[in-house]
Amino acid sequence: MASLDSAFAALADPTRRAILARLATGEATVMELARPFEMTQPAVSRHLKVLEGAGLIVRRVEGTRRPCRLAPAALTGMEEWLSMLRKALSANYDRLDAVLATMNDQEEKTDGKA
């Protein structure tokens, strides 16, 4: 659960979400990631450290370059947790539908007797 907490905490920042969106299109260096933002390369590096610590990205050394990419299983834990919530929500709606159908049937029976 700690990795799930750190992943959601990392995603709380809009800059980090934008960085992940960019990495969804392919690998990029820190300088390439910094280009669309009005911030320094060290500031982007700090965001990358948070994303890397949360397990959302991986970096590799390629000479003087350190390209970043999405981690292969980056979203698996979050997807599983959200899927559990979707199933619970769906079950709640199914129960509500059943209650409303019962109430509707009872109302129709009551209206038919009057």
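The values are calculated or read from the model by the stated rules, or taken from the named source; none is laboratory data. On a predicted model such as this, the values are computed, not experimentally measured, just so you know. Please note: Cβ atoms are built from the backbone with ideal geometry, for glycine as well, and neighbour counts cover all protein chains shown.
Miscellaneous remarks
- Residue among A18, A9 that alone is without any contact (Cβ under 8 Å) to a residue 60 or more places away in the chain, farther than 19 Å from P67 by Cα and part of a helix (DSSP H, G or I): A9
- Of all the listed residues (E27, E62), the sole one being of a type in the set (D, E) and in contact with a strand residue (DSSP E or B) (Cβ under 7 Å, 6 or more places away or on another chain) is E27.
- The set of residues from region 40-93 being more than 18 Å from F8 (Cα to Cα), β-branched (V, I, T) and surrounded by 15 or more Cβ atoms within 10 Å (Cβ to Cβ) comprises just one member, V44.
- For region 28-39, residues that are surrounded by 13 or more Cβ atoms within 10 Å (Cβ to Cβ) and either modelled with pLDDT of 90 or more or part of a helix (DSSP H, G or I) (or both) total 6.
- Residue check, T25 of a type outside the set (A, V, I, L, M, F, W, C) and either over 21 Å from R60 (Cβ atoms) or surrounded by fewer than 16 Cβ atoms within 10 Å (Cβ to Cβ) (or both): yes
- Residue count for region 45-66 under the criterion of being closer than 27 Å to D5 by Cβ and touching a Ser or Thr at 6+ places or on another chain (Cβ under 8 Å): the result is 5.
- Exclusive hit being closer than 30 Å to R16 by Cβ, of a type in the set (D, E, K, R) and out of contact with any strand residue (DSSP E or B) (no Cβ under 7 Å at 6 or more places or on another chain), set K109, K87: K87
- Any hit, region 92-103, residues being under 26 Å from S3 (Cβ atoms) and not in a loop (DSSP other than H, G, I, E, B): no
- Residue match in region 78-91 (condition: part of a loop (DSSP other than H, G, I, E, B) and either of a type in the set (S, T, N, Q) or more than 19 Å from S6 (Cβ to Cβ) (or both)): no
- Any pair with Cβ under 8 angstrom, 6 or more apart, that starts in region 70-88 at a residue that is outside the structural domain of I19 (by TED's automatic domain parsing) and aromatic (F, W, Y) and ends at one that is assigned to a helix (DSSP H, G or I) and surrounded by 10 or more Cβ atoms within 10 Å (Cβ to Cβ): W81/L4
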